[in-house]
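Asks: The structure under discussion is supplied below as structure tokens; questions concerning it will follow.
The values are calculated or read from the model by the stated rules, or taken from the named source; none is laboratory data. If you're wondering where the values come from, they're calculated on a predicted model, not measured in any experiment. Counting neighbours? That spans all protein chains shown, and the Cβs are built from the backbone with ideal geometry, glycine included. Only protein heavy atoms, including side chains, enter the accessible area calculation; ligands, DNA and RNA are left aside. Shrake-Rupley method; radii C 1.70, N 1.55, O 1.52, S 1.80 Å.
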Amino acid sequence: MLRRGLWALPLLISLAFVVAVLAWLRANEHNELEDQRMELISDALSLQVQVSARIEREAGLLDALAARLAAHPTTPAALSAGADVQQGLHRFWVSITWLDAANRIVAHLPEQSPPIDAAQWSASLAAGLSAHLSSRLPDGSTLVARYSPTDMLRQTVPWWLARKYDVRLVDSFGDVIASTTEGLRLADHQSHRIGLAPAIDDAYLELIARDRIRPWYHGLPIVMVAGFVLLIAVITWMLRRQVQSVSRAEEAWRTEAAWRSAMEDSLTVGLRARDLEGRLVYVNRALADMVGLEPEVLEGLMPPMPYWPPDSIEEIMLRHRRNMAGQAPREGYEAQWRHRDGRLFDVMIYEARLVDARGRHIGWMGSIVDITERKRLAERERRQSDTLAHHARLTMLGEVAATLAHELNQPLTAISSYNAGVINSMKRHAAPDPIVLRALERLGEQAAHAGRIVQRIREFLTRREPQLEACSLNEVVEGGVALLRRELERQRVQLVVQLDPELPAIVADAVLVEQVVINLVRNASDALGSVEQATGTERRIEVRTLPTGDERFVRIDVIDNGPGLQGRRIDALCAAFYTTKRDGMGMGLAICRSIVEAHHGLLDASDAPGGGACLSMTLPVDLQVTSLTPEEEAA
Ligand code: ADP
């Protein structure tokens, strides 16, 4: 979560920087204002001194004029005669008026300006504002000099101050009396006001700075800061998009990596990657488990590998070089490896080129399958089918011998009987030739001996008694079919097994019944193989178990869609040595029949509804006999 918000960090830092710059600008403005204020105050003080001094000097000059008038005869002409009056008027006096003790005008200069009357004079005195200077003469009369405060200011304020400030005289109500400029008052400029008493009562000197300190939020820096913030905002937005797409990609990559490692770890196939020199650069969990070494131990190793059996290192090295040269067989190759605990196991290895994202060949990827168990099963299956074939041959041989014995028994008995008859007749009718008699007796003995041998062979061959036990016919069928399944797959014969789950258990010799099932299925498969099937029709064998109507018997049907029986009956098929196969013996069905009958059952053959043959074996559920004698079997 924290990492996701990292994109905002540059923005936050930039904003902090901007805030600092703004604070600095503000502080700077404040300092400048303060400096300007201090300067303004000091300039105002100095100007106050100058203006006061000027007014006092003018008052002194008026007093000197009054003294001159008092010293001479006081006539109106005397007033205009003095050069001091002209000089005063030349400076900034507007007029000069001489009032007697009763405030009547004695004289007024210059003559064209309206004289100040007593009422005006009193009013101006009452208002406290005086643009007048007055001086009293000893005879009670008063000399009043009216002057222009504006001219006074212009003449008094130094040029450098006039450039810096608007200088004004204002009264206590704030009304402007005089100003060095005609312009309006500069509203938000710094100003300072200072009283002029006692030089001029009720008047204030006001200085207004012409330069205005720009507020901190005006001007180029703030434009630049705003531009900077905008730029940073845009960059942050782009950064955020970039970070988001990177984190999306990272998320996808992580998910994929997790998937991949989960898949690799759940694989039972070992994986190993090697670089072009044959160094192991990656092994998965399955391979590590196979050889009993941790991936960290294996990664980085160069041949010879620790899992190579020590006594065949040279041979494996040759194979390794072949693989590194890109000559590994595409269909994979078998090898034998050694577990860390010393146990040898067989593996199947498939090598493939390993290429990087740009398609460069960077090594080899190997998938390794442990085939030890598979090989063991195959071997067991092979041995089982060998044993089965061997047993089948033995059984058949026994049956052949038994049949032969049965067939030979009668001729041998006949030979013995005829021989005995001939001997008896010879003995009765004439003196027999003792040599012929002896020979005939020998013949009888040999025939009897042969009969006994044949009898013994039969007894020996048919001595195996059925091992009767309760068993499930379904299981027996499954067991028999399982042994043939591969063979049928090879011959592309489809096998359908339909077992009735309700089938009652039977008492039988499971091994013998299984042999019958195997025989019937094999015959069906041979029949299917003997003809060319029409294209599109599949070869099919159906094996099914079902109870018969009265539930005292169970039945097994083996149905094929081969050429069928073509009118042959079960007796013909079961006849000893009857076969239509080139390498057939013709004993299979004969043996089946004797086994079935030994179980008091019935073997039958009929045509299947869709063409083909249906061989059925019916067995009693409850077999009353516990064992069968050879005679019964023969019967
Ligand atoms: P073999 O298999 O050695 O020929 P069998 O006694 O098992 O001896 O079979 C005898 C003959 O019965 C076979 O040669 C064959 O002609 C015929 N036969 C057996 N099963 C079938 C079947 N499912 N379809 C057609 N013919 C069959």
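Asks: Which one of E34, E58 is modelled with pLDDT of 90 or more, surrounded by 15 or more Cβ atoms within 10 Å (Cβ to Cβ) and not polar (S, T, N, Q)?
Replies: On the way: E34 fails: surrounded by 15 or more Cβ atoms within 10 Å (Cβ to Cβ).
On inspection, the qualifying residue turns out to be E58.
Asks: For the range 394-423, which residues satisfy the criterion of being out of contact with any helix residue (DSSP H, G or I) (no Cβ under 8 Å at 6 or more places or on another chain) and among the polar types (S, T, N, Q)?
Replies: Q410, S417 - these are the residues of the range 394-423 that are out of contact with any helix residue (DSSP H, G or I) (no Cβ under 8 Å at 6 or more places or on another chain) and among the polar types (S, T, N, Q).
Asks: Of all residues being charged (D, E, K, R) and within 11 Å of the ligand (Cβ to nearest atom) in the range 549-568, which is farthest from V531 (Cα to Cα)? Just the residue, please.
Replies: Filtering first and then ranking leaves R568.
Asks: Now a separate question. Do any residues in the range 600-620 that are closer than 21 Å to N474 by Cα have Cβ atoms under 6 Å from those of residues that are buried (at least 18 other Cβ atoms within 10 Å of the Cβ) and among the charged types (D, E, K, R), where the two are at least six apart or on different chains, and which pairs are they?
Replies: L603/R593; C614/D557; S616/R555; S616/D557; T618/R555
Asks: Which of (1) over 17 Å from D604 (Cβ atoms); (2) of a type outside the set (A, V, I, L, M); (3) out of contact with any helix residue (DSSP H, G or I) (no Cβ under 8 Å at 6 or more places or on another chain) is the odd one out, the single condition S525 does not satisfy?
Replies: Condition (3) is where S525 drops out.
Asks: Here is a further query. Quick test of your reading of the structure: P504 fulfils all but one of (1) over 54 Å from the mean Cα position of the chain (by Cα); (2) within 14 Å of G562 (Cα to Cα); (3) of a type outside the set (A, V, I, L, M, F, W, C); (4) away from the ligand (no atom under 12 Å from the Cβ). Name the failing condition by number.
Replies: (2)
Asks: Something else about it: Looking only at the range 362-406, which residues are acidic (D, E) and either under 40 Å from the mean Cα position of the chain (by Cα) or surrounded by 12 or more Cβ atoms within 10 Å (Cβ to Cβ) (or both)?
Replies: D370, E373, E381, E399
Asks: Can you name the residue in the range 587-604 that is open to solvent by less than 10 Å² (accessible area, probe 1.4 Å) and closer than 12 Å to L615 by Cα and is also nearest to the ligand (Cβ to nearest atom) among such residues?
Replies: C592
Asks: Anything in the range 205-225 that is touching a residue at least 60 places away in the same chain (Cβ under 8 Å) and either at positive phi or β-branched (V, I, T) (or both)? List them, or say none.
Replies: Residues satisfying the conditions are I213, I222, V225.
Asks: Would you confirm whether any residue within the range 181-188 is more than 60 Å from the chain's Cα centre (by Cα), open to solvent by 90 Å² or more (accessible area, probe 1.4 Å), under 16 Å from D43 (Cβ atoms) and free of Cβ contacts under 8 Å to residues at least 40 places away in the same chain?
Replies: Step one: list which residues in the range 181-188 are more than 60 Å from the chain's Cα centre (by Cα), which gives 181-188.
Next, from what is left, pick out any that are open to solvent by 90 Å² or more (accessible area, probe 1.4 Å): 182, 184-185, 188.
Remaining after also requiring under 16 Å from D43 (Cβ atoms): none.
For the range 181-188, residues more than 60 Å from the chain's Cα centre (by Cα), open to solvent by 90 Å² or more (accessible area, probe 1.4 Å), under 16 Å from D43 (Cβ atoms) and free of Cβ contacts under 8 Å to residues at least 40 places away in the same chain: absent.
Asks: In this structure, does Y350 turn out to be surrounded by 15 or more Cβ atoms within 10 Å (Cβ to Cβ) and free of Cβ contacts under 8 Å to residues at least 24 places away in the same chain?
Replies: Values: surrounded by 15 or more Cβ atoms within 10 Å (Cβ to Cβ): yes; free of Cβ contacts under 8 Å to residues at least 24 places away in the same chain: yes.
Judged against the criteria, Y350 is a match.
Asks: Taking the range 319-347 on its own, how many of its residues are hydrophobic (A, V, I, L, M, F, W, C) and open to solvent by 30 Å² or more (accessible area, probe 1.4 Å)?
Replies: 3
Asks: For the range 471-519, enumerate the residues that are of a type in the set (G, A, S), open to solvent by 40 Å² or more (accessible area, probe 1.4 Å) and farther than 19 Å from D622 by Cβ.
Replies: The answer is A482, and nothing else.
Asks: How many residues are open to solvent by 50 Å² or more (accessible area, probe 1.4 Å) and in contact with a strand residue (DSSP E or B) (Cβ under 8 Å, 6 or more places away or on another chain) when one looks only at the range 548-560? First the steps, then the outcome.
Replies: Here is the first cut: in the range 548-560, the residues open to solvent by 50 Å² or more (accessible area, probe 1.4 Å) are 549-553, 555.
Among the residues that remain, those that are also in contact with a strand residue (DSSP E or B) (Cβ under 8 Å, 6 or more places away or on another chain) are: 552-553, 555.
Going through the range 548-560 one residue at a time, the tally reaches 3.
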